[in-house]
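To start, the structure itself, in structure tokens.
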Amino acid sequence: MEGRVSVTTEAAAVIRQLKEQHGPLMFHQSGGCCDGSAPMCYPEGELILGDQDVHLGDIEGCGFYMSAFQFEYWKHTHLEIDVVKGRGASFSLEIPLGLRFIIKSHLMNVL
């Protein structure tokens, strides 16, 4: 568990499949509302990032971001991106595959 964000083997395979289909991708951790709190996968550049977005790292060559406001709540956690069967209520690219990305969080040792 190195850095702030990682990806499971299963989720990495889905990301590679989506990259083949859609080209370069990016992730943004949703803060709730209609799609709940879920990692959202978009074609790179489709979601415009601003000064208040924090880059947590890269997974499978894709940038992973969240808002600075939300980061205040998550700053002591490591996020692991996984994938499960099921249809989420979002515009994330994996949804048509009958899958959805999820977050598994683990407290980081921040001494």
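No value in this document is a laboratory result; all are computed from the given coordinates. Given the structure is predicted, the values throughout are model-derived calculations rather than measurements. When we count neighbours, we look across all protein chains shown, and the Cβ atoms used for this are built from the backbone with ideal geometry, even at glycine.
Ranking Met40, Met66 by Cβ neighbours within 10 Å, fewest first, what do you get? Working shown, then result.
Details: Met40 21, Met66 25.
Taking fewest neighbouring Cβ atoms as first place, the list is Met40, Met66.
Restricting to the chain, what percent of DSSP beta bridges are antiparallel, rounded to 5? Show your work: numbers first, answer last.
Details: 20 of 26 bridges.
Around 75 percent antiparallel, to the nearest 5.
With angles folded into 0 to 90 degrees, how steeply does helix 9-22 sit against the dominant principal axis of the chain? Use alpha carbons for both and round to 10.
The helix 9-22 is inclined about 60 degrees to the chain.
Under 1.5 on a/c is rounded, so check that first for region 43-100, then, if it is not, pick prolate when a/b is larger than b/c and oblate when it is not; a ≥ b ≥ c are the square roots of the alpha carbon gyration tensor eigenvalues. Each step should come with its number before you reach the end.
Numbers: a/c = 1.91, a/b = 1.49, b/c = 1.28.
Cα axes put region 43-100 in the prolate bin.
Return the distance in nm (one decimal) between the two label points of a simple spin-label model at Val84 and Met108, each offset 7 Å from Cα along Cα→Cβ.
For the pair Val84/Met108, the computed spacing is 2.5 nm.
Given labels modelled 7 Å from the Cα in the Cβ direction, how far is it in nm from Lys75 to Leu97?
With each label placed 7 Å out from Cα toward Cβ, I get 3.4 nm.
Of (i) 31; (ii) 14; (iii) 42, which is the value of percent of Cα pairs over 25 Å apart derived from the coordinates here?
Identified label for the calculated read-out: (ii).
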